[in-house]
Amino acid sequence: MISESYITKLYFKKYFLIFFPIAVLISTIGLVLCFTLFKGNYLPLFILLCIVCIAVSVIIPLYFAHDDKIKGKKASDIFCAEGFTCNFCDTYRKIYVDKGNPFPPHIIMCASYYGKISEYNTVRMLLNKIKNPKKLDRHSRFIYYLEMLSMCGKTGNWCKGEEVRKKNIGFIQNYVRKKKKNPELRVNMNIALALVDSAHGHYGDAFTLLNFGYKPKDKNDENFLNILINAVYIYSLAKNDDNLNSSIENAMTFLNNFTEFDYPWRKKYYEEQIRKASRGKL
């Protein structure tokens with residue numbers, strides 16, 4: 001997923017790239033005038049003008065980035081209390097997507113949140129708002145493709161999923177390769193690709209992707225738990241009852257060994273995910 005802190009940085013960068021060149025232009029014009037028309041007599045004043053312009057070019061983007069973060073406080077409070085619910089998703093959407101010209105990373109985040117509650121028609125509609133993903137920053141583009149693959153896999157649209165994979169697998173794999181220090185990206189990539197394979201009925205290929213050798217870092221490793229939950233889901237789709245029962249037991253055992261959760265609702269959320277996966281739904 002795209003973190004809210006990452007979106008805040010992107011928001012700052014968006015406005016900084018607008019205001020900083022303007023500040024540089026004004027400063028340059030000021031210095032040129034200083035030495036041509038005023039013969040350098042007002043140099044300290046023009047230097048002060050340059051400093052003010054540069055400061056403003058930083059302060060304004062900081063303000064917009066902070067304001068963007070503050071706007072989401074209501075949604076953040078709901079998330080902390082309820083988790084991934086319709087109320088949270090709808091609130092986030094009203095704040096960041098439904099008004100004005102939405103920031104693309106917010107659209108992708110919103111789609112990801114709706115995916116957590118299996119609202120795939122909404123996910124599809126939101127992702128279709130991104131007309132040219134290649135114009136996104138690299139991380140947002142990577143997450144966009146994973147959300148597309150996951151949505152296609154979970155809705156059985158393997159044909160579209162294979163199209164997305166074929167066109168973008170080079171970028172996806174290269175991005176993961178360059179981010180070796182973040183194993184979560186590899187986990188999420190393999191899960192998304194496995195979902196497309198399972199939708200196509202290629203269960204062996206799907207399990208090859210899931211069983212890529214990831215080792216849990218500790219008892220509270222949510223990446224490993226997500227691998228186990230998706231294994232439950234794929235065994236359910238494959239109608240492999242023996243392995244399904246074993247996979248459910250593995251997922252529940254690992255979950256019950258967690259010693260802490262970042263939110264009070266997190267354990268119940270994962271328990272529900274395991275139950276849904278056992279019925280062939282995610």
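The single residue among M252, M189 that is open to solvent by 30 Å² or more (accessible area, probe 1.4 Å), of a type in the set (A, V, I, L, M, F, W, C), closer than 23 Å to I117 by Cβ and in a helix (DSSP H, G or I) turns out to be M252.
Would you mind stating whether S76 is touching a residue at least 60 places away in the same chain (Cβ under 8 Å), open to solvent by less than 70 Å² (accessible area, probe 1.4 Å), at negative phi and out of contact with any helix residue (DSSP H, G or I) (no Cβ under 7 Å at 6 or more places or on another chain)? Taking the combined requirement at face value, the residue satisfies it.
G100 meets the conditions (1) part of a helix (DSSP H, G or I); (2) over 12 Å from the mean Cα position of the chain (by Cα); (3) over 21 Å from I227 (Cα atoms); (4) of a type outside the set (V, I, T) in every case but one. The failed one is (1).
Please determine, by comparing only the residues of segment 226-247 that are part of a helix (DSSP H, G or I), small (G, A, S) and open to solvent by less than 50 Å² (accessible area, probe 1.4 Å), which one is farthest from Y270 (Cα to Cα).
Filtering first and then ranking leaves S236.
Condition check for N223 on (1) assigned to a helix (DSSP H, G or I); (2) exposed (fewer than 15 other Cβ atoms within 10 Å of the Cβ): one failure, at (2). The test for being surrounded by fewer than 18 Cβ atoms within 10 Å (Cβ to Cβ), touching a Pro at 6+ places or on another chain (Cβ under 8 Å) and either in a loop (DSSP other than H, G, I, E, B) or modelled with pLDDT of 95 or more (or both) does not hold for K166. Here K281 passes the criteria (1) surrounded by 15 or more Cβ atoms within 10 Å (Cβ to Cβ); (2) modelled with pLDDT under 95; (3) within 18 Å of I117 (Cβ to Cβ) except the one numbered (1).
Among the residues of segment 170-196, which ones are free of Cβ contacts under 8 Å to residues at least 24 places away in the same chain and over 16 Å from the mean Cα position of the chain (by Cα)? Selection gives G170, Q173, N174, R177, K178, K180, K181. Taking K160, is it in contact (Cβ under 8 Å) with a residue 40 or more places away in the chain and of a type outside the set (G, A, S)? It is false that K160 is in contact (Cβ under 8 Å) with a residue 40 or more places away in the chain and of a type outside the set (G, A, S). Answer with yes or no whether K276 is open to solvent by 40 Å² or more (accessible area, probe 1.4 Å) and either at pLDDT below 95 or assigned to a helix (DSSP H, G or I) (or both). For K276, the condition - open to solvent by 40 Å² or more (accessible area, probe 1.4 Å) and either at pLDDT below 95 or assigned to a helix (DSSP H, G or I) (or both) - is not met.
Filtering C89, C34 for residues that are open to solvent by less than 70 Å² (accessible area, probe 1.4 Å) and farther than 28 Å from N128 by Cα leaves a single hit, C34.
The values are calculated or read from the model by the stated rules, or taken from the named source; none is laboratory data. Keep in mind it's a predicted model, so treat the numbers as computed, not measured. When we count neighbours, we look across all protein chains shown, and the Cβ atoms used for this are built from the backbone with ideal geometry, even at glycine. Heavy atoms of the whole protein, side chains included, go into the accessibility calculation; ligands, DNA and RNA do not. Shrake-Rupley method; radii C 1.70, N 1.55, O 1.52, S 1.80 Å.
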